Amino acid sequence: MERKLENIENQFETFQILNEEGKVVNEEAMPNLSDEELKELMQRMVYTRILDQRSIALNRQGRLGFYAPTAGQEASQLGTQFALEKEDFILPGYRDVPQLIWHGLPLYQAFLFSRGHFHGNQMPEGVNALSPQIIIGAQYIQTAGVALGMKKRGSKSVAITYTGDGGTSQGDFYEGMNFAGAYKAPAIFVVQNNRFAISVPVEKQTAAKTLAQKAVAAGIEGIQVDGMDVLAVYAATKQARERAVNGEGPTLIETLTYRYGPHTMAGDDPTRYRTDELDNEWEKKDPLVRFRKYLEGKGLWSEDEENKVIEKAKEEIKAAIKKADEQPKQKVSDLIKNMYEELPAHLQEQLEEYEAKESK
């Protein structure tokens, strides 16, 4: 049995295209991206890093509510989203707001989501996504259902979802993959392994050498990817999407990544469970630094171009938070009205009670 397990684990070598110095180490796997697409990918990563920094500042000012930092995970998040088509459906976790924004969610609505305002959860027409899932792993089951619906309709699109390494400890994780695998539903399951879930090391969550190998039990494809290498993440997702729309079933993608900040801004202190040595090790793998070196080597990126993106991000974030501030304040009566198309009697009574209070 030990030999069998070892044979399985050895099949899941980490897929990489760019090393930490931004050098190509896997020329055959290079995705077919134009120079403009490469630059667009870098622009999105820089923009998202600035968005993270500003969101943390806004949270500390009391202008945002719940917020889960994203710095360090840009390659994992944006590399996967960049491989999608507009008709594909995203079912995110609570750290996956950047994917929603680049899929079409207006920035001011992302800020409203953080504040708990219902308008932040109302996806605009043409944006195929659910609002971020707070329940750990629940989006995996939802994704199996959405993907099966796509298959039954004959749609050439996929459903993609995300969770962290902690999410793989949930029953929903296994149930969602198993169901999608049994029906060969066009789903992509992404595990962003940032090593600590909230505070528990991944080594204490599972005896498995990799999280990608958990695909074996579900009978689906699995791959472990260097999650700090945006080209590797993109290539793996692109291939998973092609397999899915061709009727070959789901793929589990484990991205080895790292969040530089706390789990959320709600009081988590990563210094209690992470060492400076580990932080420093992963800072050397920074996805922006790595991709920047690669693009500079091709003559596609400069400090001036990056500064333009930074200034654009700051301006758009300022405008978006202003627009969020201008939205009508959420009322208790709004929550009651949004719950049902036709209110049951007891909620109708509560609605009338709160509307009377709010009118004073």
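The values are calculated or read from the model by the stated rules, or taken from the named source; none is laboratory data. Since the structure is predicted, the reported quantities are computational estimates derived from the model, not experimental observations. Heads up, the Cβs are rebuilt from the backbone with ideal geometry, glycines too, and the neighbour counts pull from every protein chain shown.
Just one of the listed residues (58, 84, 78) is among the aliphatic types (A, V, I, L, M), at pLDDT 95 or above and not in a helix (DSSP H, G or I), and it is 84.
Only one of the numbered conditions (1) out of contact with any strand residue (DSSP E or B) (no Cβ under 9 Å at 6 or more places or on another chain); (2) in a loop (DSSP other than H, G, I, E, B); (3) surrounded by 11 or more Cβ atoms within 10 Å (Cβ to Cβ); (4) among the basic types (Lys, Arg) is violated by residue 360, and that is (3).
Beta carbons closer than 6 Å, at least 6 apart along the sequence or on distinct chains, never pair a first residue in segment 231-258 that is over 25 Å from residue 195 (Cα atoms) with a second that is among the small types (Gly, Ala, Ser) and crowded, with 24+ Cβ neighbours inside 10 Å.
Please work out which residue is nearest to the chain's Cα centre (by Cα), limiting yourself to segment 217-229 and to residues that are crowded, with 18+ Cβ neighbours inside 10 Å and either more than 13 Å from residue 11 (Cα to Cα) or hydrophobic (A, V, I, L, M, F, W, C) (or both).
If we filter segment 217-229 for residues that are crowded, with 18+ Cβ neighbours inside 10 Å, which is where we start, we get 218, 220-229.
Right, trim to either more than 13 Å from residue 11 (Cα to Cα) or hydrophobic (A, V, I, L, M, F, W, C) (or both) and you get 218, 220, 223, 225-229.
Values: 218: 22, 220: 21, 223: 17, 225: 15, 226: 15, 227: 12, 228: 14, 229: 15 Å.
Out of the qualifying residues, it is 227.
Looking at segment 309-321, which of its residues are more than 17 Å from residue 118 (Cα to Cα) and either more than 25 Å from the chain's Cα centre (by Cα) or aliphatic (A, V, I, L, M) (or both)? Break it down stepwise before answering.
Start the filter on segment 309-321 by keeping residues that are more than 17 Å from residue 118 (Cα to Cα), which leaves 309-319.
Within segment 309-321, 309, 310, 313, 317, 319 qualify.
When you check residue 311 against the structure, is it at pLDDT 95 or above and either farther than 26 Å from residue 105 by Cβ or among the polar types (S, T, N, Q) (or both), yes or no?
Values: at pLDDT 95 or above: yes; either farther than 26 Å from residue 105 by Cβ or among the polar types (S, T, N, Q) (or both): no.
No.
The requirement of being buried (at least 21 other Cβ atoms within 10 Å of the Cβ), in contact (Cβ under 8 Å) with a residue 24 or more places away in the chain and in contact with a helix residue (DSSP H, G or I) (Cβ under 9 Å, 6 or more places away or on another chain) is not satisfied by residue 107. Take the conditions surrounded by fewer than 21 Cβ atoms within 10 Å (Cβ to Cβ), among the acidic types (Asp, Glu), assigned by TED's automatic domain parsing to the domain that holds residue 258 and out of contact with any helix residue (DSSP H, G or I) (no Cβ under 9 Å at 6 or more places or on another chain) and apply them to residue 21. Does it pass? No, not satisfied.
Would you mind finding the one in 113, 118 that is surrounded by 22 or more Cβ atoms within 10 Å (Cβ to Cβ) and hydrophobic (A, V, I, L, M, F, W, C)? Break it down into steps so the answer makes sense when it comes.
On the way: 118 fails: surrounded by 22 or more Cβ atoms within 10 Å (Cβ to Cβ).
Of 113, 118, the one residue that is surrounded by 22 or more Cβ atoms within 10 Å (Cβ to Cβ) and hydrophobic (A, V, I, L, M, F, W, C) is 113.
A single member of 137, 104 is of a type outside the set (Val, Ile, Thr), assigned by TED's automatic domain parsing to the domain that holds residue 47 and out of contact with any Pro (no Cβ under 9 Å at 6 or more places or on another chain), and it is 137.
When you look at residue 90, is it surrounded by fewer than 21 Cβ atoms within 10 Å (Cβ to Cβ) and either of a type in the set (Val, Ile, Thr) or modelled with pLDDT under 95 (or both), yes or no? Quick ask: steps written out before the conclusion?
Details: surrounded by fewer than 21 Cβ atoms within 10 Å (Cβ to Cβ): no; either of a type in the set (Val, Ile, Thr) or modelled with pLDDT under 95 (or both): yes.
Judged against the criteria, residue 90 is not a match.
Has segment 280-300 got at least one residue that is exposed (fewer than 14 other Cβ atoms within 10 Å of the Cβ), in the same structural domain as residue 48 (by TED's automatic domain parsing) and among the hydroxyl-bearing types (Ser, Thr, Tyr)? Within segment 280-300, none of the residues are exposed (fewer than 14 other Cβ atoms within 10 Å of the Cβ), in the same structural domain as residue 48 (by TED's automatic domain parsing) and among the hydroxyl-bearing types (Ser, Thr, Tyr). Do the conditions hold for residue 343, that is, is it touching a residue at least 60 places away in the same chain (Cβ under 8 Å) and not assigned by TED's automatic domain parsing to the domain that holds residue 105? In short, no. Taken over segment 171-196, residues that are surrounded by fewer than 24 Cβ atoms within 10 Å (Cβ to Cβ), in contact with a helix residue (DSSP H, G or I) (Cβ under 8 Å, 6 or more places away or on another chain) and without any contact (Cβ under 8 Å) to a residue 60 or more places away in the chain amount to 6.
Being within 12 Å of residue 254 (Cα to Cα) and among the hydrophobic types (A, V, I, L, M, F, W, C) is the requirement here; does residue 198 meet it? Considered against the rule, which asks whether it is within 12 Å of residue 254 (Cα to Cα) and among the hydrophobic types (A, V, I, L, M, F, W, C), residue 198 comes out as no.
Taking the residues in segment 197-216 that are in contact (Cβ under 8 Å) with a residue 24 or more places away in the chain and exposed (fewer than 15 other Cβ atoms within 10 Å of the Cβ) as candidates, determine which candidate is farthest from the chain's Cα centre (by Cα).
Restricting to residues being in contact (Cβ under 8 Å) with a residue 24 or more places away in the chain and exposed (fewer than 15 other Cβ atoms within 10 Å of the Cβ), the top hit is 206.
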